[in-house]
Each structure stands twice: as C-alpha cells, then as structure tokens.
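A short write-up of the structure that comes next.
The values are calculated or read from the model by the stated rules, or taken from the named source; none is laboratory data. Values in this document were obtained by computation on a predicted structure and should not be read as measured data. Cβ: placed from backbone, ideal geometry, glycine included. Neighbour counts: every protein chain shown.
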Amino acid sequence: MNHDPSKTSHYVDAGFYEKLIADFGGWQSDAAEQSDVGLRDSCRRFLEKEARFLDQGRNAEWLGLFAPECLYWVPASLDGGDPRREVAVSFDDRRRMEDRVFRLDTDHAWSQQPVSRTARLVSNVTVYATDAADDVFMVRSNFLTTEFQAGDKRIYTGWYGHQLRRLGNSNGESWQILVKQVNLIDCDQNLRNPSIVL
Amino acid sequence: MIKMDKMSAGAGSLDAGYDWDRLVQEDRVSRQIYTDPVIFAAEMTKIFGAVWVYIAHESQIPNNDNFVRSRLGLRPIIVTRDSSGRVRALYNRCTHRGATICRQDSGSAKGFTCPYHGWAYSNNGKLSGVPWPDGYADDALDGDKFNLAQVARVDSYRGFIFATLNADAPSLDDYLGGVKQPIDEWLDRQPGGKVAVCNANRLKFDGNWKLAYDNAADGYHVVFSHRSLLAMENRMAEDKGMTYYKENPDGAPMYVRYFGNGHHFKDKRPNMEVRPGAMWEIESLHPGMEHVEEDFRRRHGDRANELLDLASSEPVNINVFPNLMLLGNHIQVVQPLSVSETDTTWWGTAVIDVDGDIGDDLEAINALRMRTQEGFPNFGEVDDLMNFEQIQAGLAAAEDEWVYMHRGLGLEEGRITVDEGGVITGPATDEVFMRETMKVYKRLMSDDPAIGITRDPDAGDG
Ligand code: FES
Ligand SMILES: [Fe+2]
C-alpha cells in the first residue's frame with residue numbers, strides 16, 4: 001500500500017528501528033573511510049547548504065533536502081541509545097518534521113519569539129562507505145551552532161551523523177538525507193529553550 | 001523518636017523581619033517571593049527541608065547496591081538501596097573536608113570513596129576506612145561523627161521515593177492525603193499498577209521554581225501559551241490534544257482540584273468518554289502511530305484499544321508539592337538551582353509487562369509511548385518555559401509589586417465546591433488551587449521547622 005509519509009506514519013515500524021540502530025552502530029571504522037577528495041567536498045558542500053538553509057530560516061527548503069521517509073534524530077544519550085526504550089530530545093519522522101516547521105511558522109511559538117538568529121559552523125567532515133548500498137554514505141561532521149535570542153547568546157555543539165543517499169546526475173552529484181542524527185555533547189543535560197532546529 | 005542531630009532551620013534568622021502577611025495575600029503575592037535570594041535560601045530549608053520532597057523512583061534503584069544521584073533542595077544526595085536493601089538518602093558530601101564522594105549519575109556500588117583524600121564509606125553511610133589512620137589521635141575517629149550525614153526519614157509511596165529532614169513532619173501517607181487517589185489511578189491504568197522510569201526529556205529555564213509549580217494546574221494559559229501547539233496538532237486532524245480548552249473551558253467537564261498541603265490536580269479525563277480507546281483517539285499524531293494502530297487492530301481486534309491506550313498520554317496533571325508532577329506518562333521533577341534558575345526534568349516511563357499478557361507487543365507499545373512523550377516537551381513546554389522566563393524578566397520592575405491569582409475569587413457560590421474532607425473542586429481555569437497553595441507556602445515560610453540529619457545508619461525508619 002502507498003502511504004504519504006507527510007500525512008500518515010507507517011514507515012516507523014519495528015524494522016525501521018532495527019535498521020536505524022544497526023546503521024548507527026559501528027559505522028565509523030577506519031576501513032570504511034573514503035579518501036576521495038571529490039566525494040568529501042561534495043558532501044561538505046551539501047552539509048554547508050543544509051546549515052545555510054537553517055541559518056536563513058529557509059525551513060521549507062531544508063525539509064526538501066530530506067528523503068520522503070526520513071528521520072531527524074537528537075538522541076538524549078551519548079551513544080544514541082535505543083529509541084524504542086528511551087526518549088530522545090527529538091525523534092521526528094517526516095510528518096513530525098513538517099509539524100515542527102509548521103509550528104515555528106505560526107508566529108505563535110513563543111519560544112521562538114523573537115526568532116533566534118543562528119550561525120552554524122560545520123567542519124571535520126569524514127565520509128564512510130556503508131555495506132547497505134553503493135549510493136548510501138554515512139558522514140560525520142562536527143558542528144558549532146551559535147544562537148542569539150533576546151539579548152542572550154547560547155551555543156549548541158557536538159557532531160552530526162548524516163546518512164546520505166547519492167542522487168547521481170550528469171552534472172555531478174546531489175544528495176538526499178535519509179537520517180540526520182544530532183549528537184549534542186550535552187544531550188543528557190538540561191537544555192535551555194531547545195526550540196531551534198539543530 | 002528518631003535520633004537526629006537537631007538544629008534550627010537557621011534560615012529563620014536570614015529572613016527574620018519578612019512580613020509574610022504582606023508578601024502573600026488572599027488575592028495576590030509579592031514579586032519578591034520569586035526574586036529575593038534570601039527568600040530562596042530560606043525556601044531550601046523551610047520547604048525543601050521541611051516537607052516530603054520527591055527524590056527518586058524505585059525503578060531507578062531496583063537492586064541492592066544501586067544508586068542514583070539526586071538533590072534535596074540544593075543538598076547533593078545519593079539515593080541508594082544499600083547492601084541490606086534499605087533505601088537511603090545519603091549526603092553526597094565527605095565528612096572530612098566536604099568534597100562530593102559520588103560523581104556518577106547512577107550505578108551500582110557497595111560504598112563510595114572520596115577522591116580527595118580517600119576516606120571510604122559503606123553504602124549505608126558508615127565510615128569504613130581512612131588512609132593512614134595512625135595519623136589521627138587514638139579516639140579521633142570514634143563514634144558516628146564521621147559517618148556520612150543522611151536523611152533520617154525516607155519513605156516511598158508506590159514506587160515514588162520521598163525524603164524529609166523534618167522530624168515533626170506527618171507520615172508520608174498523611175502528607176500526600178487526597179492526592180494519593182489520582183496517583184493510584186495514574187498507576188492502576190498501567191499493567192500491574194507499575195511503570196519503569198527510563199531516561200528524561202531535560203529542560204531548564206531562567207526563572208523561579210514556583211513559576212513552574214504555579215503553572216502545573218493552570219487551565220487558563222493553555223489556549224494562549226500553547227496556541228502554536230494546538231494549531232499544529234489539529235492541522236491535519238480534529239479534536240486532537242488539548243482542543244477541549246477552546247471555546248469555553250470552564251463549561252467543559254474537566255475540573256481543577258485542590259487536596260491540601262499544596263497538592264493539586266487538573267483532571268481532563270472527564271472530557272473523554274469512559275471506554276478503551278478514548279485516550280488514543282485524542283492523542284495527537286506521532287511517529288509510527290498509524291503503523292502500530294493498523295497492526296494491533298488487525299491482530300487483536302477489540303483488545304487493540306487497550307494496548308493503544310498504554311501508548312497514549314493520560315490527560316491529567318497530578319501535582320505533589322513542592323517538586324513532583326505526573327502528567328501524560330511523564331514524571332516531571334522541578335529542581336530549583338537558584339532564585340532565578342530551575343531545571344524541569346521530564347522522566348519518561350515505560351510499561352512493564354507485569355502479568356505477561358502483552359508479550360511481543362511490549363516493544364512496539366513502549367517505542368510509541370516514547371514518541372508520544374517527546375511531543376509535549378518539544379512543542380509545548382518550550383513555550384511555557386519562555387513565558388516563565390518572561391515573568392521573571394517582568395518582575396524586575398520593583399515598584400510594580402503584585403502578582404495576581406484572584407481568578408474565580410468572589411464569584412457566585414456553587415462555582416467552587418468543598419467536600420467534607422476539605423477537598424476543593426473548581427472549573428478548569430480557576431486559580432483557587434494557586435491561592436490555596438500560597439496559603440500553605442506562607443504557613444511554611446512563617447514556621448521554624450526542627451530539621452536535622454542523622455549519622456547513625458540504624459536511625460530512622462521513614
Ligand atoms: S574531602 Fe573527602 S577525604 Fe578529604
Ligand atoms: Fe503549559
């Protein structure tokens with residue numbers, strides 16, 4: 001049966017959780033690290049574009065970078081944990097990501113009034129091959145997001161794990177995000193107003 | 001009588017001269033109770049030392065030697081189930097020169113050794129050894145004097161562990177009083193009447209802890225503070241989440257109730273029909289929901305409703321003064337950090353298959369239950385916390401002294417009912433629960449409770 005993942009959530013099932021936990025465990029092996037400079041640059045530019053969209057408040061375009069069946073995941077434990085038994089800071093499927101953006105766009109999300117100004121730095125990009133498919137890569141990067149809101153500066157920092165699918169085309173490469181995992185260094189601590197997209 | 005090192009609250013002298021009749025009045029309270037560091041310091045003893053304070057859940061320390069770090073007001077404590085099985089609240093404070101002895105959030109240990117000079121303690125609080133004892137005079141380490149301080153009165157109610165430093169406090173059972181009923185109902189809807197605490201959604205705000213407690217049964221703020229959440233929950237569906245607050249919340253069947261001792265309860269269940277599946281129907285949309293529902297209905301027929309309700313959040317707010325709130329499936333703990341800084345930690349809970357009749361579906365139920373629990377902290381609580389911070393900011397205005405909580409006061413008879421036991425019930429947006437809590441607050445702050453610690457591991461019994 002075909003379901004529109006923006007409207008109903010069918011794909012987050014037992015198999016999805018199992019695959020997620022498998023895909024996000026043990027992928028950062030030296031053997032899988034990719035040395036191809038072009039590949040790395042392509043991934044890096046894609047991550048920078050994602051960061052730019054978020055910094056510029058281009059939320060709809062940010063959503064457009066993701067596959068229809070995708071995940072935005074901010075674990076509340078350092079190793080990612082098991083989301084079947086643990087609450088996450090955020091665990092958004094496609095519909096919930098759209099919920100998140102919808103809410104921010106209502107102008108009545110008081111946690112984002114005034115809207116935070118942000119500057120995201122993304123660096124230390126490393127690309128890893130996966131066993132799953134030739135066109136799916138895991139990318140690790142470090143991030144430092146500075147947020148300014150109502151006279152206050154705050155930072156979020158840690159590393160991203162992006163599961164990316166390569167969409168080949170004749171003029172080089174473009175990418176689609178299957179899963180974005182945001183690993184905050186203080187993910188298991190009390191956070192003040194974590195209402196921006198990380 | 002419990003053997004305790006008695007002392008005066010001490011804070012009594014700090015806030016001597018505060019005129020509580022002026023600061024807390026029937027219809028309003030002074031901004032000062034939210035902004036004054038001297039009052040805050042007094043609260044840490046007169047409230048967080050003198051009444052039963054929630055410190056941990058038994059499922060966090062299921063086995064002997066398990067421990068979890070916590071706080072009693074600002075006091076760092078270790079809640080441990082000692083080697084004999086007794087639950088204790090030990091001060092996480094070395095008796096030598098004061099360093100914390102346990103720096104891990106949770107774990108299992110028969111004892112704790114101070115990293116500074118190596119003094120060692122058993123997990124019942126007893127000093128078990130000091131390095132090079134011949135450096136101390138013969139009897140210098142004798143007796144109880146160098147055992148860890150601990151709370152003499154630790155008791156639990158159906159898994160919730162509380163502690164008080166006040167020898168004169170009533171029993172925990174009496175302290176909880178009427179609020180035990182909604183706690184019982186909250187637990188009894190779970191298999192075997194139990195939940196297991198997992199990890200937490202952790203938030204904090206720059207504001208006084210009472211702003212969170214005042215808000216806990218506030219039905220007035222919902223449609224305004226949570227306007228974006230209500231819009232979000234209903235963008236693709238109708239009558240989801242807290243829709244029953246729209247239009248005329250005071251005409252809805254839900255109510256707010258006050259039990260005494262500062263405990264209150266906002267019960268939104270009467271807005272639903274009483275039948276399996278009713279809770280699930282108003283649950284807003286969460287990851288995996290349609291898959292689980294279709295799968296359960298196909299395989300379980302009518303019983304699916306019961307199982308789906310276990311993944312749904314119960315529409316109640318059960319508030320136990322001063323720091324425990326049960327809402328949805330969360331156990332929320334309010335932890336003051338300073339007069340204008342507070343942690344709100346939303347412990348998640350999972351279903352336990354106590355009777356073994358859930359079987360293989362337990363994982364799917366709990367996974368979905370994790371997702372329903374993430375909803376409010378992400379899309380609701382952040383807006384509340386911003387409003388609390390903005391109250392704290394507004395209260396910087398010194399000459400504009402009063403914070404009002406008089407909604408409902410002076411209106412016609414019959415709006416509020418009081419039963420023979422003194423339990424007060426009113427419409428959802430009434431602030432009567434806040435006024436009553438402030439009366440308790442005022443009484444506590446005007447008292448000089450006899451609080452103290454013990455160093456005798458055999459003292460106390462809860
Ligand atoms: S402070 Fe603990 S051993 Fe000295
Ligand atoms: Fe609220």
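From B:289, B:272, which residue is farther than 22 Å from residue B:255 by Cα and over 18 Å from the mean Cα position of the chain (by Cα)?
B:289
Condition check: more than 16 Å from ligand 2 (Cβ to nearest atom) and assigned to a strand (DSSP E or B). Does residue B:147 satisfy that?
No, not satisfied.
Has the range B:37-49 got at least one residue that is on the phi < 0 side of the Ramachandran plot, away from chain A (no Cβ under 14 Å) and within 16 Å of ligand 1 (Cβ to nearest atom)?
no
When the range B:172-214 is examined, which residues are found to be more than 16 Å from ligand 2 (Cβ to nearest atom) and acidic (Asp, Glu)?
Scanning the range B:172-214 gives B:173, B:174, B:184, B:185, B:188, B:206.
Only strands (runs of 3 or more DSSP E) wholly contained in the range A:75-151 count here; list those with 2 or more residues that are closer than 30 Å to residue B:331 by Cβ and within 9 Å of another protein chain (Cβ to nearest Cβ).
The strands (runs of 3 or more DSSP E) meeting that bar are A:90-92.
Hey, could you check the range A:152-197 for residues that are within 14 Å of the chain's Cα centre (by Cα) and assigned to a loop (DSSP other than H, G, I, E, B) and say which is surrounded by the most Cβ atoms within 10 Å (Cβ to Cβ)?
A:197
For the range B:215-228, give me each residue that is under 18 Å from residue B:330 (Cα atoms) and either part of a helix (DSSP H, G or I) or more than 12 Å from ligand 2 (Cβ to nearest atom) (or both).
B:215 - this is the single residue of the range B:215-228 that is under 18 Å from residue B:330 (Cα atoms) and either part of a helix (DSSP H, G or I) or more than 12 Å from ligand 2 (Cβ to nearest atom) (or both).
Yes or no: the range B:349-370 includes at least one residue that is more than 13 Å from the chain's Cα centre (by Cα), touching a residue at least 24 places away in the same chain (Cβ under 8 Å), at positive phi and more than 9 Å from chain A (Cβ to nearest Cβ).
no
With the structure loaded, tell me whether residue B:425 is more than 24 Å from residue B:39 (Cβ to Cβ), assigned to a strand (DSSP E or B) and in contact with a Phe, Trp or Tyr (Cβ under 7 Å, 6 or more places away or on another chain) or whether it fails that test.
yes
Search the range B:212-221 for residues being more than 13 Å from chain A (Cβ to nearest Cβ) and aliphatic (A, V, I, L, M), and hand back the single one that is nearest to ligand 1 (Cβ to nearest atom).
Filtering the range B:212-221 for residues that are more than 13 Å from chain A (Cβ to nearest Cβ) and aliphatic (A, V, I, L, M), the one nearest to ligand 1 (Cβ to nearest atom) comes out as B:216.
For the range B:311-328, name all the residues that are surrounded by 23 or more Cβ atoms within 10 Å (Cβ to Cβ), among the aliphatic types (A, V, I, L, M) and in contact with a Pro (Cβ under 9 Å, 6 or more places away or on another chain).
Hits for the range B:311-328 are B:318, B:326.
Out of (1) closer than 30 Å to residue B:357 by Cβ; (2) surrounded by fewer than 21 Cβ atoms within 10 Å (Cβ to Cβ); (3) of a type in the set (A, V, I, L, M), the odd one out for residue B:285 is which?
All conditions pass for residue B:285, except number (2).
On the given criteria, is residue B:260 farther than 20 Å from residue B:425 by Cα, of a type in the set (Gly, Ala, Ser) and either in the same structural domain as residue B:406 (by TED's automatic domain parsing) or more than 16 Å from ligand 1 (Cβ to nearest atom) (or both)?
no
Can you tell me how many residues in the range B:57-98 are within 16 Å of ligand 1 (Cβ to nearest atom) and touching a Cys at 6+ places or on another chain (Cβ under 8 Å)?
So the answer is 4.
Which one of B:97, B:103, B:69 is within 14 Å of chain A (Cβ to nearest Cβ) and either surrounded by fewer than 21 Cβ atoms within 10 Å (Cβ to Cβ) or within 16 Å of ligand 2 (Cβ to nearest atom) (or both)?
Residue meeting the stated conditions: B:69.
I'd like to verify a number: residues in the range B:148-173 that are surrounded by fewer than 21 Cβ atoms within 10 Å (Cβ to Cβ) and either within 16 Å of ligand 1 (Cβ to nearest atom) or of a type in the set (Asp, Glu) (or both), how many?
Result for the range B:148-173: 4.
Has the range A:32-49 got any residue that is surrounded by 16 or more Cβ atoms within 10 Å (Cβ to Cβ), at the interface with chain B (Cβ under 10 Å from one of its Cβ atoms), closer than 30 Å to residue A:95 by Cβ and hydrophobic (A, V, I, L, M, F, W, C)?
No; the residues of the range A:32-49 include none that is surrounded by 16 or more Cβ atoms within 10 Å (Cβ to Cβ), at the interface with chain B (Cβ under 10 Å from one of its Cβ atoms), closer than 30 Å to residue A:95 by Cβ and hydrophobic (A, V, I, L, M, F, W, C).
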